[in-house]
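The values are calculated or read from the model by the stated rules, or taken from the named source; none is laboratory data. Remember, it's a predicted structure, so these values are computed and weren't measured experimentally. Every residue, glycine as well, gets a Cβ built from its backbone with ideal geometry; the counts of neighbours run over all protein chains shown. Side chains included, ligands, DNA and RNA excluded: accessible areas come from the protein's heavy atoms. Shrake-Rupley method; radii C 1.70, N 1.55, O 1.52, S 1.80 Å.
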Amino acid sequence: MGATDGVRQRCRVAAEPNRNGAVTLYGSDGRTYQVIDADEGARERVGDLSYGDTVRVVLKPVRCRGDGWRIARVEEVTPRGHPFR
């Protein structure tokens, strides 16, 4: 992957973000994304997410021991209770 590559994905928030901004997202593609970081411009929006919200995000892989991801951008948030579109 190049430096500007990212994965645009619609996801459901599986758990409230912790105080460090880490959050688990369930993708509409069936994958689980363990988000361990967010770019500075996305951190505030990530902190506002709640369990069950649907988000469209741009994710970038993080080099780590596991399968970690960084949110590069939050494009849309739909409050919980609304189905994937």
Fill in: Filter result for the condition that a residue is open to solvent by 70 Å² or more (accessible area, probe 1.4 Å) and not polar (S, T, N, Q), over ASP48, ASP53, ASP37
ASP48
Fill in: Qualifying positions in the stretch 1-34 - surrounded by fewer than 13 Cβ atoms within 10 Å (Cβ to Cβ), modelled with pLDDT of 90 or more and among the polar types (S, T, N, Q)
THR32
Worksheet, complete the sentence: The one condition LYS60 fails out of (1) among the charged types (D, E, K, R); (2) surrounded by fewer than 15 Cβ atoms within 10 Å (Cβ to Cβ); (3) over 16 Å from VAL77 (Cβ atoms) is (2)
Worksheet, complete the sentence: Pairs returned, first residue in the stretch 9-37 that is over 11 Å from LEU49 (Cβ atoms), second residue that is among the hydroxyl-bearing types (Ser, Thr, Tyr) and open to solvent by 80 Å² or more (accessible area, probe 1.4 Å), beta-carbon separation under 9 angstrom, 6 or more apart or interchain, are THR32/TYR26; TYR33/TYR26
